[in-house]
Number of protein chains: 2
Amino acid sequence: MNIGEAAALSGISAKAIRYYESIGLIEPAPRSDGGYRSYGDTDVAFLTFIRRARGLGFSVEDVTNLLGLYRDRNRASADVKAIAQAHVAGIERKVAELESIRRTLTHLIENCHGDERPDCPILDDLAGAATPGDARLV
Amino acid sequence: MNIGEAAALSGISAKAIRYYESIGLIEPAPRSDGGYRSYGDTDVAFLTFIRRARGLGFSVEDVTNLLGLYRDRNRASADVKAIAQAHVAGIERKVAELESIRRTLTHLIENCHGDERPDCPILDDLAGAATPGDARLV
DNA sequence: ATAATGTTTCCAGTTACTGGAAGGTCAAGG
DNA sequence: CCTTGACCTTCCAGTAACTGGAAACATTAT
């Protein structure tokens, strides 16, 4: 099948498939007489694997390693697990950071009139001024 | 003062200050005879505002708008609040997405032996196979 | 034959900067 | 006066992971 069909079946755009080939994430596809890339079911399976891994937020570098393990019949599941655990740790750091920001902003928003008047604790905080009667939020 | 001192006082790198000038986030600084950018306390205050806004995850585009409101004595606090609320909404979407991924991965990790054996529910899931005795996790 | 669709490669743009190169400026020391 | 070193200047590249678009070729349908 051509790249368009492989794209539709795998859920990865044709552009992205070419990109993955260009960076070496997938093998260069064999070409037809006219120069079109040609894919089989196995290729679609790999592409689907990639889509799902990317959908879980794994970096392309992680996916490279996961694909390597997927192909390796002698892999140790410990190696897969380690990649996933490191990824989860990164996600947890990110969530903690976002939650901290969310709490700060939510607090500032609650104290902002949100009307036509100009005074605003959000701007006060950004400007570095202490919100009156309130500990500095950072 | 020169850019280095403004950078140290504001907590923004000299590189970033030049970048902010290049994209129009801040006004071009006046130059000394030798061509050095020259900053005053007001400039440092603006830079500090930018650093704090960026630290709360506001995009540079948001910061442009926040700075505009900060400068505008006739602003409506409602406009500031709206920007902050939209940002919080985006953060909440992101957190929800990350939490969903975290739950999926944590579940898969718990069911992975993590030893020298090759079978691994994480790879099974990525490959699209149902984890034995377990509903498909996505 | 021609039109429509699919595919090819290549370049640019996205976000928000950072790193580095090549070269000018400035203050202090010899 | 000259040099050294710290600081500054501009400009180009690179980052992550693609997407959009242009120009041209291939294939299929009418």
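Counting just the residues of the stretch B:1-18 that are assigned to a helix (DSSP H, G or I) and β-branched (Val, Ile, Thr), which one comes out most open to solvent (accessible area, probe 1.4 Å)?
Step one: of the stretch B:1-18, the residues assigned to a helix (DSSP H, G or I) are B:3-10, B:14-18.
Now drop any that are not β-branched (Val, Ile, Thr), which leaves B:3, B:17.
Details: B:Ile3: 25, B:Ile17: 0 Å².
If we take residues in the stretch B:1-18 being assigned to a helix (DSSP H, G or I) and β-branched (Val, Ile, Thr), then B:Ile3 is most open to solvent (accessible area, probe 1.4 Å).
Collect the residues in the stretch B:36-45 that are within 13 Å of DNA strand C (Cβ to nearest atom) and open to solvent by less than 30 Å² (accessible area, probe 1.4 Å), keeping them in residue-number order. Break it down stepwise before answering.
Of all residues in the stretch B:36-45, those within 13 Å of DNA strand C (Cβ to nearest atom) come to B:36-38.
Within the stretch B:36-45, no residue meets the criteria.
Of the conditions (1) open to solvent by less than 40 Å² (accessible area, probe 1.4 Å); (2) farther than 23 Å from A:Asp124 by Cβ; (3) not hydrophobic (A, V, I, L, M, F, W, C), B:His87 clears all except one; give me its number.
Condition not satisfied by B:His87: (2).
For B:Ile83, which of the numbered conditions (1) facing chain A (nearest Cβ under 7 Å); (2) at pLDDT 95 or above fails to hold?
(1)
Please find, within the stretch A:93-126, the residue that is most open to solvent (accessible area, probe 1.4 Å) out of those that are at the interface with chain B (Cβ under 7 Å from one of its Cβ atoms) and within 17 Å of the chain's Cα centre (by Cα).
A:Lys94
Mind listing whichever residues of the stretch A:46-63 are open to solvent by 10 Å² or more (accessible area, probe 1.4 Å) and either closer than 17 Å to A:Ser10 by Cα or facing chain B (nearest Cβ under 9 Å) (or both)? Don't jump to the end; show me each part of the working.
Filtering the stretch A:46-63 for residues open to solvent by 10 Å² or more (accessible area, probe 1.4 Å) gives A:46, A:48, A:51-52, A:54-57, A:59-62.
Across the stretch A:46-63, the qualifying residues are A:Phe46, A:Thr48, A:Arg51, A:Arg52, A:Arg54, A:Gly55, A:Leu56, A:Gly57, A:Val60.
Mind counting the residues in the stretch A:11-43 that are more than 12 Å from DNA strand D (Cβ to nearest atom), under 19 Å from A:Gly68 (Cβ atoms) and either among the β-branched types (Val, Ile, Thr) or within 14 Å of chain B (Cβ to nearest Cβ) (or both)?
Residues in the stretch A:11-43 being more than 12 Å from DNA strand D (Cβ to nearest atom), under 19 Å from A:Gly68 (Cβ atoms) and either among the β-branched types (Val, Ile, Thr) or within 14 Å of chain B (Cβ to nearest Cβ) (or both): 2 in total.
The values are calculated or read from the model by the stated rules, or taken from the named source; none is laboratory data. Since this is a predicted model, take the numbers as computed values, not measurements. Please note: Cβ atoms are built from the backbone with ideal geometry, for glycine as well, and neighbour counts cover all protein chains shown. Only protein heavy atoms, including side chains, enter the accessible area calculation; ligands, DNA and RNA are left aside. Shrake-Rupley method; radii C 1.70, N 1.55, O 1.52, S 1.80 Å.
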